[in-house]
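Some notes on the structure that comes next.
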């Protein structure tokens, strides 16, 4: 007879969606901006924690936080903290298994107490005392979470370096790994006896796989690399080229019809200096220098400059007359 298959252990994650009414305006007015934003976030998102048998025992708060929690002052949103003997690392950079379990128990117990306050105030408005106590437990949860994340952030970098994924941006890999680490902290059950690094590594690798799949789908749709020059419009350059072509065409028309009453020497200088005859030439013609034009007509380059300036003045006057006549 075949033995029945073992079923997976039930999930220890507990979650409720708050239906608490916001506190009165005068209560909110006594809070700082940071606490008001934190309270709004708590009341608008599901509250969850990972259950542990220790939480329902009478001495849980004393075991984890050194005694009964009390606010630093009637208007404070922080508890008076005592030194956590269970977290004394004695110069070690990492936590032992017992210290890690202790830190996760503090984190989830703080969330458990938050959920109890929200559950007791369902469909009711929070009192000032409830608001400050809720925020104090939230600050404790955030501090414990921050400590866990800071101790395990190097894990993301080490796995990103070890995981070689072609075509995946390293910064995107790190960002996705950090988000996976945060989700792993929220859902890790330390009572099962595993190290958090084992659980987090698996979550981080899954996040890397999602990045690789997303990048692969993107490559399938956009097989070429992003090129900023292809995204930039050339409308201004086109307008400038059109204006230049229009000016050159008008200048050719003035020379061909001799509307500016230029002498043969002046026409030659202008045509050669600005390469206006290249339309009739099969090979591209580049503008000549003053010295080259001087050698062509047998004068010095300074004399060519004088002829050019005089011819341009005549052309400018002809253009102005054409504009006024139009």
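A compact table of results
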| quantity | calculated |
| --- | --- |
| Meets criteria (more than 13 Å from residue 318 (Cα to Cα), in the same structural domain as residue 319 (by TED's automatic domain parsing), in contact with a helix residue (DSSP H, G or I) (Cβ under 9 Å, 6 or more places away or on another chain) and part of a loop (DSSP other than H, G, I, E, B)) for residue 276 | yes |
| Qualifying residue in region 124-131 (condition: part of a helix (DSSP H, G or I) and either without any contact (Cβ under 8 Å) to a residue 12 or more places away in the chain or buried (at least 22 other Cβ atoms within 10 Å of the Cβ) (or both)) | yes |
| Which listed residue, of 102, 112, is part of a helix (DSSP H, G or I), touching a strand residue (DSSP E or B) at 6+ places or on another chain (Cβ under 8 Å), in the same structural domain as residue 65 (by TED's automatic domain parsing) and closer than 30 Å to residue 205 by Cα | 112 |
| Among the residues listed as 53, 46, the single one being at pLDDT 90 or above and either loosely packed, with under 12 Cβ neighbours inside 10 Å or within 30 Å of residue 155 (Cα to Cα) (or both) | 53 |
| Options 181, 135, 173: the member that is modelled with pLDDT under 90 and crowded, with 20+ Cβ neighbours inside 10 Å | 173 |
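The values are calculated or read from the model by the stated rules, or taken from the named source; none is laboratory data. All of these numbers come straight from a predicted model, not from anything done at the bench. Ideal geometry is used to build each Cβ from the backbone, glycine not excepted, and the neighbour counts take in all protein chains shown.
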